[in-house]
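The values are calculated or read from the model by the stated rules, or taken from the named source; none is laboratory data. Remember, predicted model here, so these are calculated numbers, not experimental data. Here the Cβ is made from the backbone with ideal geometry for all residues, glycine too, and neighbour counts use every protein chain on show. Note: accessible area is taken over every heavy atom of the protein model, side chains too, but ligands, DNA and RNA are not part of it. Shrake-Rupley method; radii C 1.70, N 1.55, O 1.52, S 1.80 Å.
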Amino acid sequence: MMSKKERLSQFNRNNIVTAAKELFAEKGVEQTTVDHIAKKADCSKSTIYVYFKSKEEIFDCIVLEHYVMLRDGLENATKDAENFSDGFYAICNTVADFYAKHPMYFDSVLGEIKIVTDQSDPVLFQVYQVGEEINAIMAEFFVRWMNEGQIRNDLPALPQTIFALWGSVCGIISLAHKKRLYINYRMETTSEEFMKSGFDLLLKSVLPGVGGAENN
């Protein structure tokens, strides 16, 4: 059970982060200042600096929160899959749903991760650790179904294959949203159908007897 001091500390941190989220969504990260956050959170700048060393650290905390959301979603998507195809589509749909709900943080969560392997920056260290947990979830999923013979056995080394597919899924989702009007006009289809056809192509590329050699 938390003490009164711990509860106050948690309340203040949450209040500051909530205010920052609203301002980042309204103004953008670059245009938001610590003064803006303090005013929105109804506290002083000095109070903010008790809990966070900078605006960037507040943003990193929000990114961490979204990383955890994505990790939990991917874990749920893969653990009950009855076959590779179902699990693959569940992964794709989880990432697509994440983009739809949190477009502002999509690039931050799925883009470049700062490699911090010690506690010199505790928040970025946690971000890196959660990123590694996501990699482990994906690796476990692929190994499971590769051992079952549901994935081609002539693919590049597993980390490269997973990374390439991950990047392709994210790219298709990003393109579908950013080029929605063009897709509707030029291809006479919806961005959702465009995503689905893209996911289908990626799936076929790793299935045995479709994208390459049969499994032995």
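Would you confirm, using the coordinates I've provided, whether L124 is in contact with a Gly (Cβ under 9 Å, 6 or more places away or on another chain) and either of a type in the set (A, V, I, L, M) or open to solvent by less than 80 Å² (accessible area, probe 1.4 Å) (or both)? Steps first, answer last, please.
Values: in contact with a Gly (Cβ under 9 Å, 6 or more places away or on another chain): no; either of a type in the set (A, V, I, L, M) or open to solvent by less than 80 Å² (accessible area, probe 1.4 Å) (or both): yes.
Answer is no for this residue.
In segment 183-192, is there at least one residue being farther than 19 Å from L110 by Cβ and aliphatic (A, V, I, L, M)?
Yes, segment 183-192 has at least one match.
Can you tell me which of (1) open to solvent by less than 30 Å² (accessible area, probe 1.4 Å); (2) part of a loop (DSSP other than H, G, I, E, B); (3) in contact with a Leu (Cβ under 9 Å, 6 or more places away or on another chain) is the one Q31 doesn't meet?
Of (1) open to solvent by less than 30 Å² (accessible area, probe 1.4 Å); (2) part of a loop (DSSP other than H, G, I, E, B); (3) in contact with a Leu (Cβ under 9 Å, 6 or more places away or on another chain), only one is false for Q31: (1).
Given F141, F125, F163, F199, which one is assigned to a helix (DSSP H, G or I), among the aromatic types (F, W, Y) and closer than 28 Å to F24 by Cα?
Going through F141, F125, F163, F199 in turn, the sole match is F125.
Being open to solvent by less than 30 Å² (accessible area, probe 1.4 Å) and more than 23 Å from T78 (Cα to Cα) is true for just one of V130, V116. Which residue is that?
That would be V116, the only listed residue that is open to solvent by less than 30 Å² (accessible area, probe 1.4 Å) and more than 23 Å from T78 (Cα to Cα).
Any residue in segment 197-214 that is within 24 Å of R71 (Cβ to Cβ), small (G, A, S) and touching a helix residue (DSSP H, G or I) at 6+ places or on another chain (Cβ under 9 Å)?
Yes, there is a match, as at least one residue in segment 197-214 is within 24 Å of R71 (Cβ to Cβ), small (G, A, S) and touching a helix residue (DSSP H, G or I) at 6+ places or on another chain (Cβ under 9 Å).
Among the residues of segment 119-158, write down those that are within 24 Å of D107 (Cα to Cα), modelled with pLDDT of 90 or more and of a type in the set (D, E).
E132, E133
Quick one: I137 ticks every box in (1) touching a helix residue (DSSP H, G or I) at 6+ places or on another chain (Cβ under 8 Å); (2) within 17 Å of S168 (Cα to Cα) bar one, so which box is it?
(2)
Go through the residues of segment 36-43 one by one and say whether even a single one is touching a Leu at 6+ places or on another chain (Cβ under 6 Å), of a type in the set (K, R) and surrounded by 16 or more Cβ atoms within 10 Å (Cβ to Cβ).
yes
How many of the residues making up segment 188-210 are over 18 Å from D154 (Cα atoms) and either open to solvent by 30 Å² or more (accessible area, probe 1.4 Å) or in contact (Cβ under 8 Å) with a residue 40 or more places away in the chain (or both)? Write out each step before concluding.
Within segment 188-210, the subset over 18 Å from D154 (Cα atoms) is 188-200.
Subset that is either open to solvent by 30 Å² or more (accessible area, probe 1.4 Å) or in contact (Cβ under 8 Å) with a residue 40 or more places away in the chain (or both): 188-190, 192-197, 199-200.
Of the residues in that region, 11 qualify.
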